[in-house]
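A.B. asks: Sharing a structure, written as structure tokens. Questions coming.
Readers should treat all values here as calculations from the given coordinates under stated rules, not as data from a laboratory. For clarity, every value in this text was computed on a predicted model and none was experimentally measured. Glycine also receives a Cβ, built like all others from the backbone with ideal geometry; neighbour counts cover every protein chain displayed.
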Amino acid sequence: MMNTMEPHGRAMADARERINRTKLALERTEELLAENTALCSRIRARRCLVEAAYRLVQFDPASDAALIGRLPIPDGPR
């Protein structure tokens with residue numbers, strides 16, 4: 001006698017496996033998004049720091065000596 005529940009059981013197992021793989025992919029995607037967000041924040045903070053240093057040099061050229069070697073001075077504001 002053929003078991004008619006076996007194909008249904010196999011389909012359910014396949015569906016559960018796809019769900020588990022999808023959950024893992026979603027978790028990894030969320031981790032990557034968090035890493036990228038943190039990196040963007042650091043880049044943005046660094047850019048603000050460089051732009052502030054540039055503005056400081058524009059107001060007080062004497063302070064340029066204090067910044068040499070510490071921060072790259074861009075060509076101009078962007």
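A.B. asks: Based on the Cβ-Cβ distance of Glu17 and Ser41, what FRET efficiency does E = 1/(1 + (r/R0)^6) give at R0 = 35 Å, to the nearest 0.05?
C.D. replies: 0.45
A.B. asks: So, one more: What's the magnitude of the charge dipole for region 8-67 around its Cα centre, counting Lys and Arg as +1 and Asp and Glu as -1 at the beta-carbon? Answer in Debye, nearest 20.
C.D. replies: Here the size comes out at about 360 debye.
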